[in-house]
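Novice: I have a structure here, written as structure tokens, and I will follow up with some questions on it.
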Amino acid sequence: MQLTGAQIVIECLKEQGVDTVFGYPGGAILNVYDELYKHQGEIRHVLTSHEQGASHAADGYARSTGKVGVCFATSGPGATNLVTGIATAYMDSVPVVAITCNVTVPLLGKDSFQEIDIAGITMPITKHNFIVKDVTKLADTIRRAFKIAQTGRPGPVLIDLPMDMQRSEVANPVYDMEFEECHTDPAQAEAAADVILEALEQSVRPVIMLGHGVDSTESQQALLRFTRERQIPVITSVLAKSVLSYDHPLNFGCIGGAYGHRYANMIANAKSDLILCFGISMCTRQIGTKVHEFAKNARIIRVDIDPYNLKRDIHEDGVNEVKLQAETGAVIRCLSEKGSSVKKEFGDWLEVCREIKENLQAVDDQTPERYINRMIADLSDMLQDTSAIAVDVGQHMVWSYQSFKNREGQKLLFSGGHGAMGYGLPAAIGAYYATGRPVVCICGDGAFQMNIQELEWVKRE
């Protein structure tokens, strides 16, 4: 059986379970689009009005489903228009596969019309990228891209496919080659769990800080069961805000020196004696620019699969800080299995945290300047039936994660690390196709204009 490279692309996407692709066609990628048209009953193509909209929509789709988001773009300016969305996915650890197309292999590197080294441009903002110069390796490359995007710390992968590789034919291409799974050492997870359990035995005022790195629902729920049994307060990063509903009894807000909840900052920074960090980067936006001043009287234990996140020291002396490189889900499973031997509870400490939260909320509610926060809270009451809220970047983002009362199962989507204005509207499009239910975009006037052309999609659909 002879298949062209363009046909292999579509067959591999089907194999990977892709049901939706976001993109904008152009001359260099038309062979792939021709094949996509033939399979429109199996893979839905969402035509955005700009390639940046496609990359943000793929991001919103991925955050809403946990699946890999996929976007297409043509060569040159089409490919470079994806960059902001790719960077957003990279900074926030979102699994996205971007497929771009380029001039033919003989013309690469010769300043051809609409030729750009998109692999070189995106190298710092992708987990990996590929330029396919041998069509016999195309199927394996696509499968590797999906594997890389999802395993370890998730993130974007780019595949650049020259035009002649789309047209070239392959006899009997293979789609079922197995690749080595990305596994961490189980002993690392078990050792990390032992360190955490021992620290809890010695603690009086522990706090769990939950980040976006705990990305599976199973791991999130297992950790919440563990905290509920022991009555440990939970503080989240902005990107993990959706894990707990606003009224969850263990939810004590979002960490953030200038942007988070005051009661979250007070509990973690001034009152706790042990902070257990799961998959949270501890960046300056979370703990402030005076990093070494954060939680000086607490022991900090950090669990993260990415060694880069663990490079920075929070405590200068290093004595009260433990860094554990391990997969957060595996550590949480070990805690669940071993935790039955630990009977210690922290109900008295939890009551102290509730008093802090109630008192600071009461002060905030009486502050006249916070009327917009109250407006966001009232708005959230009207949006209880929506599946996702995509929030753009600007002051309204701060108001939203401070005051939006998210319900259980309701996703809040933010461009956290990259802070890309223009994210909200296309991310809402992606979330709609992911959930099939109404979504809302909260947007400021400046951010709205960044991708205002996506209103054409709203009108068309």
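The values are calculated or read from the model by the stated rules, or taken from the named source; none is laboratory data. Bear in mind the structure is a predicted one, so any value in this text is a computation, not a measurement. Cβ atoms come from the backbone with ideal geometry, glycine included; neighbour counts cover every protein chain shown. Surface areas here come from the heavy atoms of the whole protein model, side chains and all, with no ligands, DNA or RNA. Shrake-Rupley method; radii C 1.70, N 1.55, O 1.52, S 1.80 Å.
Novice: Criterion first (more than 20 Å from LYS296 (Cα to Cα), of a type outside the set (Val, Ile, Thr) and open to solvent by less than 50 Å² (accessible area, probe 1.4 Å)) does SER216 satisfy it?
Specialist: yes
Novice: For segment 1-22, give me each residue that is assigned to a helix (DSSP H, G or I) and either within 20 Å of the chain's Cα centre (by Cα) or of a type in the set (Lys, Arg) (or both).
Specialist: LYS14
Novice: Failed condition for ASP176, given (1) farther than 18 Å from GLY279 by Cβ; (2) under 28 Å from the mean Cα position of the chain (by Cα); (3) among the charged types (D, E, K, R); (4) modelled with pLDDT under 85, with all others met?
Specialist: ASP176 satisfies every listed condition except (2).
Novice: Further, regarding this structure: Of all residues in segment 196-220, which are charged (D, E, K, R) and modelled with pLDDT under 95?
Specialist: Listed by number, the residues that qualify are GLU198, GLU201, ASP215, GLU218.
Novice: Also, I was wondering about something else. Report, by residue number, each residue of segment 345-374 that is modelled with pLDDT under 90 and in contact with a Lys or Arg (Cβ under 7 Å, 6 or more places away or on another chain).
Specialist: Correct list: GLU345, ASP364.
Novice: Hey, does segment 304-324 have a residue that's farther than 18 Å from GLY417 by Cβ and among the aromatic types (Phe, Trp, Tyr)?
Specialist: Checking segment 304-324: not a single residue is farther than 18 Å from GLY417 by Cβ and among the aromatic types (Phe, Trp, Tyr).
Novice: From (1) within 28 Å of ASN265 (Cα to Cα); (2) at pLDDT 95 or above, pick out the condition that doesn't hold for ALA377.
Specialist: So the condition that ALA377 fails would be (2).
Novice: Can you name every residue in segment 247-286 that is in a loop (DSSP other than H, G, I, E, B) and either within 20 Å of the chain's Cα centre (by Cα) or small (Gly, Ala, Ser) (or both)?
Specialist: Hits for segment 247-286 are ILE255, GLY256, GLY257, ALA258, TYR259, GLY260, SER272, GLY279, ILE280, SER281, MET282, CYS283.
Novice: Return only the number of the condition from (1) outside any helix (DSSP H, G or I); (2) modelled with pLDDT under 90; (3) more than 24 Å from ALA377 (Cβ to Cβ) that ALA189 does not satisfy.
Specialist: (1)
Novice: While we're here: Suppose the filter is at pLDDT 95 or above and outside any loop (DSSP other than H, G, I, E, B); does ALA58 pass it?
Specialist: yes
Novice: Tell me, which residue of segment 351-379 that is among the polar types (S, T, N, Q) and either under 20 Å from ASP247 (Cβ atoms) or within 23 Å of the chain's Cα centre (by Cα) (or both) is most open to solvent (accessible area, probe 1.4 Å)?
Specialist: ASN359
Novice: Of all residues being of a type in the set (Gly, Ala, Ser) and surrounded by fewer than 21 Cβ atoms within 10 Å (Cβ to Cβ) in segment 14-27, which is farthest from ILE429 (Cα to Cα)? Just the residue, please.
Specialist: Filtering segment 14-27 for residues that are of a type in the set (Gly, Ala, Ser) and surrounded by fewer than 21 Cβ atoms within 10 Å (Cβ to Cβ), the one farthest from ILE429 (Cα to Cα) comes out as GLY27.
Novice: Give me a count of the residues in segment 28-40 that are without any contact (Cβ under 8 Å) to a residue 60 or more places away in the chain and open to solvent by 40 Å² or more (accessible area, probe 1.4 Å).
Specialist: 5
Novice: Among the candidates ILE314, ILE300, which residue alone is in contact (Cβ under 8 Å) with a residue 12 or more places away in the chain and not in a loop (DSSP other than H, G, I, E, B)?
Specialist: On inspection, the qualifying residue turns out to be ILE300.
Novice: For residues in segment 109-148 being without any contact (Cβ under 8 Å) to a residue 60 or more places away in the chain and among the small types (Gly, Ala, Ser), which is most open to solvent (accessible area, probe 1.4 Å)?
Specialist: Residue satisfying both the conditions and the ranking: GLY109.
The rows are residues; the columns are (1) within 24 Å of GLU201 (Cα to Cα); (2) open to solvent by 10 Å² or more (accessible area, probe 1.4 Å).
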{"residue": "LEU223", "(1), (2)": "yes, no"}
{"residue": "ALA240", "(1), (2)": "no, no"}
{"residue": "LEU244", "(1), (2)": "no, no"}
{"residue": "ALA258", "(1), (2)": "no, yes"}
{"residue": "ALA270", "(1), (2)": "yes, yes"}
{"residue": "CYS277", "(1), (2)": "yes, no"}
{"residue": "SER281", "(1), (2)": "no, yes"}
{"residue": "THR284", "(1), (2)": "no, yes"}
{"residue": "LYS290", "(1), (2)": "no, yes"}
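Novice: Let me ask something else. Pick out the one residue from ALA149, ALA119, ALA145 that is assigned to a helix (DSSP H, G or I), touching an Asp or Glu at 6+ places or on another chain (Cβ under 8 Å) and modelled with pLDDT of 90 or more.
Specialist: Result of the check over ALA149, ALA119, ALA145: ALA119.
Novice: Applying the selection to segment 149-165, what residues are open to solvent by less than 30 Å² (accessible area, probe 1.4 Å) and either more than 27 Å from ASN31 (Cβ to Cβ) or basic (Lys, Arg) (or both)?
Specialist: PRO154, GLY155, listed by residue number.
Novice: Looking at segment 313-344 only, could you name the residues that are within 21 Å of the chain's Cα centre (by Cα) and at pLDDT below 85?
Specialist: none
Novice: Next question, about the same structure. Does ASP92 fit the bill of being at positive phi and either open to solvent by less than 10 Å² (accessible area, probe 1.4 Å) or of a type in the set (Asp, Glu) (or both)?
Specialist: no
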